[in-house]
There are 2 protein chains.
Amino acid sequence: MDSADSADPTDTAGSASRRSPADPQPVILVVEPYGGSIRRHNPALPLVYWDDAAVTRGDGVFETLLVRKGRAANFKRHARRFLASARLMELPEPDLDKWEEATRQAVESWYAENDGDARCVWTYTRGRASTGHPSAWIVVSAIPQTTLRQRKAGVKVMTAPRGYSINTMLPGVGDATTGTASPTPPSLAPWLTVGAKTLSYAANMAALRHANAHGFDDVIWVEAETGRVLEGATSSVVTVKKGGRLRTPTPGGDILPGTTQAALFGHARRQGWRCKEKDLYVDDLLRAESVWLVSSVRMGARVTALDGRKLPAPDNEAEIRRLIADALAR
Amino acid sequence: MDSADSADPTDTAGSASRRSPADPQPVILVVEPYGGSIRRHNPALPLVYWDDAAVTRGDGVFETLLVRKGRAANFKRHARRFLASARLMELPEPDLDKWEEATRQAVESWYAENDGDARCVWTYTRGRASTGHPSAWIVVSAIPQTTLRQRKAGVKVMTAPRGYSINTMLPGVGDATTGTASPTPPSLAPWLTVGAKTLSYAANMAALRHANAHGFDDVIWVEAETGRVLEGATSSVVTVKKGGRLRTPTPGGDILPGTTQAALFGHARRQGWRCKEKDLYVDDLLRAESVWLVSSVRMGARVTALDGRKLPAPDNEAEIRRLIADALAR
């Protein structure tokens, strides 16, 4: 998974990161779904109609991108996953050139009034029941304080079983959950939106609230029966091992392919790191040199404690942090 | 499950039921979440802000009620499930008196301009990230033509595995998924929103689109390994057997307790029917006198074919239909 940041539970449920009047105003651009005009929307006014599928059913897809040094980071991977999500959800094919152009405009508008990092969220919904046209918009806004703090200080994490499991033995599930499904293949079954990054995130949000209420910052999902590590509530899990090795659980099935993890592995390999996707278990986390939750806007948050067990800082903490930052700067 | 109607995929994805300009306008009442004022909202204007959790995360709960003969049918059961959903999602306790009053006002406004049945949807979300207050509103609108047609003509149904299964062995899952969890119990784990009627319905919507694309009207979820029957995509499954017997799969776990099924069983028992909640398998559906998908607005839609196998109309079809209608008239 990805975009820990817009999913930050304190961003909606707590009071710590609530926006004060002095906070910068978000930039909202409404995108015409079939590639037409782009218009600026006033954030002080409502945006979405009562009968939009996003509101009535969580029926849409999204991506969260880091805005850094004047541009949206890791753009291509996000665009690719966005396209895969839209296909899985059988939304009209988004015009990625148009989304790129709108993102460029939104980022430019943001920097006209603000400095530093920001987050950019793309939303693409099935739209209004009364019109049948999709809705689409881009928001560039400030990064919550909690996210910035966790980048530096790391996160205390609890492990938890999801409470449900994806049946990867069903035909087509493998392809769909890795985002490699071809457009509208006739054999795809209805349950395959498990691989799409949809707006239906209520369970993840509940898990983060639960974690917060019990003194944790985040959750790592594990398979109840085996202790196999899946992913963070809104991030991918990466371990660092001695000898310059990075590991992450193999994406697909229960595990949404992470854009930040992919960027990190691509960059790290070029720097001589040995990177592998393979099954990980809770014991592997405890034995690693360090454990990271990687996602687009929070980037890398080191796991400083797992289920109450302290995970000491490794000697190469700064190096890993730089590795992640450099991977996203490309 | 319930509220097949607002979930009707042709209502958002197809063209058949798209609203024409002559269609009646919905009545929208915005409810102050802490029990304050109620105000009418113009349906021609956007309602929801960019940072509302309903839009960003499908993070909220809803109920769909049938409006009939001047009132919201089966009110108490809907109110009870709404309260249970809100508790599971740790939303501030809704003031049910206020919701009842707002519903009464909305229904009254509807009948000032329209006749006949309508549907009433309650929505209660975690609200805007920037304010931290929940959002709440009620919409009374026309029932889609597809729904009215399916009430009369029945539905052709495909069975499908959900693609995921709920782990009911985890502590607390049983209570939570039957809506019997006490308020904010400390032992409840974060995954328990599986029992709440949340806005995160994307997978169900995808299943209905898939069914439609393959010539079916609806989906009945079955357990992949065993063929155990769970529920319709947006309804409860009820079978009618010889000797005046009604059966439905035991609610809880994978099966959301249905308000319409509960009303039907309550009423039918008083009429001398023997009603039982027990495990059902696909074979039980094929052997039944008749099979029904029951939900609030569509009421009862008889299953006329299952996976391509025709299920002939029973002699007592009209009687069953009346039984359901009478159950909802109370």
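The values are calculated or read from the model by the stated rules, or taken from the named source; none is laboratory data. Keep in mind the model is a prediction, meaning the values are calculated, not measured. Reconstructed Cβ throughout: ideal geometry from the backbone, glycine too, with neighbour counts over all protein chains shown.
Step by step: first the residues of segment A:195-219, then only those that are under 14 Å from A:Gly60 (Cα atoms) and more than 7 Å from every other protein chain (Cβ to nearest Cβ), then the one that is modelled with the highest pLDDT. Which residue is that?
Ranking the qualifying residues of segment A:195-219, first place goes to A:Lys197.
Take B:Leu311 and decide whether it is crowded, with 17+ Cβ neighbours inside 10 Å and touching a residue at least 24 places away in the same chain (Cβ under 8 Å). Quick ask: steps written out before the conclusion?
Details: crowded, with 17+ Cβ neighbours inside 10 Å: yes; touching a residue at least 24 places away in the same chain (Cβ under 8 Å): yes.
So B:Leu311 fits the description; yes.
Would you be able to tell me the number of residues in segment B:88-133 that are farther than 27 Å from B:Gly252 by Cβ and either outside any helix (DSSP H, G or I) or small (Gly, Ala, Ser) (or both)?
17
Please verify whether B:Ala211 is buried (at least 17 other Cβ atoms within 10 Å of the Cβ) and farther than 30 Å from A:Glu90 by Cα, treating the condition exactly as stated.
On the way: buried (at least 17 other Cβ atoms within 10 Å of the Cβ): yes; farther than 30 Å from A:Glu90 by Cα: no.
In short, no.
The rows are residues; the columns are (1) under 22 Å from the mean Cα position of the chain (by Cα); (2) at pLDDT 95 or above; (3) assigned by TED's automatic domain parsing to the domain that holds A:Cys120; (4) charged (D, E, K, R).
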residue	(1), (2), (3), (4)
A:Trp50	no, yes, yes, no
A:Leu65	yes, yes, yes, no
A:Arg68	yes, yes, yes, yes
A:Phe82	yes, no, yes, no
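Would you confirm whether or not segment B:21-33 contains a residue that is on the phi > 0 side of the Ramachandran plot and out of contact with any helix residue (DSSP H, G or I) (no Cβ under 6 Å at 6 or more places or on another chain)? Walk me through it before giving the result.
In the first step, residues of segment B:21-33 are kept if they are on the phi > 0 side of the Ramachandran plot; the result is none.
Within segment B:21-33, not a single residue is on the phi > 0 side of the Ramachandran plot and out of contact with any helix residue (DSSP H, G or I) (no Cβ under 6 Å at 6 or more places or on another chain).
Can you tell me which residues in segment B:262-298 are under 15 Å from B:His78 (Cα atoms) and either surrounded by fewer than 17 Cβ atoms within 10 Å (Cβ to Cβ) or free of Cβ contacts under 8 Å to residues at least 40 places away in the same chain (or both)?
B:Gly266
Any idea which of A:Arg19, A:Arg40, A:Arg57 is modelled with pLDDT of 95 or more and either in the same structural domain as A:Ala263 (by TED's automatic domain parsing) or charged (D, E, K, R) (or both)?
Values: A:Arg19 fails: modelled with pLDDT of 95 or more; A:Arg57 fails: modelled with pLDDT of 95 or more.
Checking each option against the conditions leaves just A:Arg40.
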